[in-house]
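Trainee: First the structure, which I've put down as structure tokens, then a few questions once you've had a look.
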Amino acid sequence: MTPLCLVTLCAIGADPAPYPYPSGPPLTPPYVAARRVPFFLKPIEKRMRERVAQLALVGAGRPAPAQSFLWQPAFQEDHVLRAPVREYVPQPGDIVLSADGSLFWKTMHNLAGTSHPTHSMIVFQMPDGKMGIIEGGPHDTLKCRVLEALPHMLSYENEGRVWVRRRACPLTPEQSARLTEFALAVDGREFAIKRLARQLTPLRTRGPVRTFFVGQPHGIDHDSYFCSELVTEACVYAGLLDPRTARPSATYPRDLFMDHSLNPYLNRYLKLAPGWDPPARWTSWAPGR
């Protein structure tokens, strides 16, 4: 067999080159001009901007929990910790959800026809190999942010409850890299507070009929996202959800949590299982550990 034939056979049987991870650091998001808010929202905007300094931004030095645990999963939004407990290491594609004691956001979600949890985010691998989280409007701020995973989860545990829908199987290198690409691209984009407020009106994208026709994915072409919209868009961009049936701007955190919805369209098409495990409570502590 000639050397040329050997080279050809090796090339046919060789694994494809891994999908390249973005080399840009997560601290250099594309510039997005800040939008003016109505005068009556100025006090809320000021309070939101003050909270940025409290976020677990990359390099901010926020403390990470010494330990990380998941309790037994269940489609139950309650305060029960179901034993036994196991150690948890975040992995790309894990969906994190939380519920805090905010009466404002609980009321707003109730008016929109949903309930706890009120926050959602997704884990991705940063270019340096560490686990990060991308979230729309973390802790009532006005931007989409890349944050350190465990310190950010700890900050939500300090305010309430945290759950994880863990990926049942690891992402492929290409899926993980696409998820990283999405997270870095939208870091610094606006939180879609106006479109979120529209969910309380007849003009919203969520409805028993209209969700069949509106609310489709926009990828990285949107200039703003709310939290569950961002998670759904990220999953579509990474190839984890079908772009033909996903409805990011009609999806709420509770839909991602429960795997069923009061909305007929989402109840039919939005099923994270079996790709994701049921939601499991996350804590930074465990009895006797």
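The values are calculated or read from the model by the stated rules, or taken from the named source; none is laboratory data. Note that the structure is a prediction, hence the values are computed from the model and not measured. Ligands, DNA and RNA are stripped out before the accessible areas are found, and what is left, the full protein with its side chains, is counted by its heavy atoms. Shrake-Rupley method; radii C 1.70, N 1.55, O 1.52, S 1.80 Å.
Trainee: Taking amide H positions as placed 1.01 Å from N in the peptide plane, with prolines and chain starts having none, which residues 5 or more places from Trp276, or on another chain, fall under 5 Å of its amide H?
Mentor: Placed amide hydrogens put Ala168 under 5 Å from Trp276.
Trainee: If you average the C-alpha positions of the range 241-281 and of the range 128-186 separately, how far apart do those two centres end up, in angstrom?
Mentor: 18
Trainee: Could you list which residues have their amide H under 5 Å from that of Arg189, counting only those 5 or more apart in sequence or on another chain, with H placed in the peptide plane?
Mentor: Sorted by chain and number, the residues that satisfy this are Cys144.
Trainee: Ok, one more. Ordered by residue, what ³J(HN,Hα) values in Hz, to whole numbers, does the range 81-88 give under the Karplus form 6.51 cos²θ - 1.76 cosθ + 1.60, where θ = phi - 60° and Gly and Pro are x?
Mentor: Values per residue, Gly and Pro as x: 9, 9, 7, x, 10, 9, 5, 10 Hz.
Trainee: State the percentage of accessible surface on the range 150-278 attributable to carbon and sulfur atoms; use a 1.4 Å probe and exclude ligands, DNA and RNA.
Mentor: The value for the range 150-278 is 58 percent carbon and sulfur by accessible area.
Trainee: Additional query: Counting only heavy atoms of the protein chains, get the accessible area per residue of the range 188-289 (1.4 Å probe) and round it to a whole Å² value.
Mentor: On a per-residue basis, 43 Å².
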